[in-house]
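Each remark here refers to the structure printed beneath this line.
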Amino acid sequence: MNTPKPGEPVRGSKSGKPIMALFDLLGRNWAMNILWHLKENQKSFSELEKLCDGISPTTLNTRLKELQKTFIIEKVVDGYKLTDMGEELFNLFNPIRKWSEKWAKNF
């Protein structure tokens, strides 16, 4: 599976719209979990592996590469951390989280 890239078709959309590439990336197994664990501070590969209980090292490595390639995280001396763009993206999740809690009350 290729890393989603704006301007190119992605899973579920041939439009090439940036939002569709982002949703494809974030919808991949473990991607959001990895971002959630990096929200407060950097983590090593082994820390992420423990925090993402059940993730295979291969999948973790793939997701980390995809998230680096898309400028959301970066590799640092002691592991991985959110980039400035990654932090900005994570902050945008808060209104969506609040909306999802209202939405969940319908079930």
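Annotations for the structure displayed:
- Residue check for ILE34: within 14 Å of the chain's Cα centre (by Cα), of a type in the set (Val, Ile, Thr) and within 19 Å of VAL77 (Cα to Cα): yes
- Subset tally (residues that are of a type outside the set (Asp, Glu), crowded, with 16+ Cβ neighbours inside 10 Å and either touching a residue at least 60 places away in the same chain (Cβ under 8 Å) or in contact with an Asp or Glu (Cβ under 8 Å, 6 or more places away or on another chain) (or both)) for region 42-67: 3
- Qualifying positions in region 68-107 - farther than 19 Å from ASP24 by Cα, among the aromatic types (Phe, Trp, Tyr) and surrounded by 14 or more Cβ atoms within 10 Å (Cβ to Cβ): TYR80
Residue-by-condition table, conditions (1) aromatic (Phe, Trp, Tyr); (2) touching a Ser or Thr at 6+ places or on another chain (Cβ under 9 Å); (3) under 17 Å from MET1 (Cβ atoms); (4) at pLDDT 95 or above:
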residue	(1), (2), (3), (4)
HIS37	no, no, no, yes
PRO57	no, no, no, yes
LYS65	no, yes, yes, yes
GLU74	no, yes, no, yes
LYS81	no, no, no, yes
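- Of the residues making up region 16-38, those that are assigned to a loop (DSSP other than H, G, I, E, B) and free of Cβ contacts under 8 Å to residues at least 24 places away in the same chain are GLY16, LYS17, GLY27.
- For region 60-107, the set of residues classified as β-branched (Val, Ile, Thr) and out of contact with any Leu (no Cβ under 7 Å at 6 or more places or on another chain) consists of THR62, VAL76, VAL77, THR83, ILE96, listed by residue number.
- When residues of region 68-107 are limited to those that are free of Cβ contacts under 8 Å to residues at least 24 places away in the same chain and β-branched (Val, Ile, Thr), the one nearest to ILE34 (Cα to Cα): THR83
- Against the numbered list (1) touching a strand residue (DSSP E or B) at 6+ places or on another chain (Cβ under 9 Å); (2) over 19 Å from PHE93 (Cα atoms), LYS65 comes up short only at (1).
- Of all residues in region 1-33 being surrounded by 13 or more Cβ atoms within 10 Å (Cβ to Cβ) and basic (Lys, Arg), the one that is nearest to ASP53 (Cα to Cα): ARG28
The values are calculated or read from the model by the stated rules, or taken from the named source; none is laboratory data. Remember, it's a predicted structure, so these values are computed and weren't measured experimentally. All Cβ positions, glycine included, derive from the backbone under ideal geometry; neighbour counts span all protein chains shown.
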